[in-house]
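Enquirer: Please read through the structure below; I'll follow up with questions.
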Amino acid sequence: QVQLVESGGGLVQPGGSLRFSCAASGSIVRIGTMGWYRQAPGKQRELVATITSNSNTNYAESVKGRFTISRDNAKNTVYLQMNNLKPEDTAVYYCNADMLVKTGWSMSRDDVWGQGTQVTVSS
């Protein structure tokens, strides 16, 4: 069984910063693209940023220039540095990873989600 465990998040004032980390564990053979998504109340889950295994990145327009995604392949961990936070960034943030995992004597591809972490930007 594989899992993603998130840490970080919380309450921050507008203009403040937060940093997330998300560590993968379990019977992992290889991790492909990792990413962060968010879901605000009453809205659909949306992409925030993704990073491939060779560190090519992609960002939602709304976070470009403010958020930075990075990863440490040796630690199976992805990070999200969020600066200049705005009230509209308030949401539950989820990490995601596309993994190749061991299942018994074989391997399978698995799309895994973290448990979600609340971010509230408010004065």
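The values are calculated or read from the model by the stated rules, or taken from the named source; none is laboratory data. Predicted, not measured: the structure shown is a model, and the values here were computed from it. Ligands, DNA and RNA are excluded from the accessible area calculation, which covers all protein heavy atoms including side chains. Shrake-Rupley method; radii C 1.70, N 1.55, O 1.52, S 1.80 Å.
Enquirer: Give me the count of lysine pairs in the chain whose alpha carbons sit under 25 angstrom apart, restricted to pairs 8 or more positions apart or on different chains.
Expert: Lysine pair count for the chain: 4.
Enquirer: Let me ask something else about it. Per the 1.4 Å probe, what fraction of the accessible area of the chain, in percent, lies on carbon and sulfur atoms?
Expert: Summing carbon and sulfur atoms, their accessible area is 46 percent of the total for the chain.
Enquirer: How high is the relative contact order of the stretch 45-123, in percent, counting Cα pairs under 8 Å that sit 6 or more residues apart?
Expert: 21
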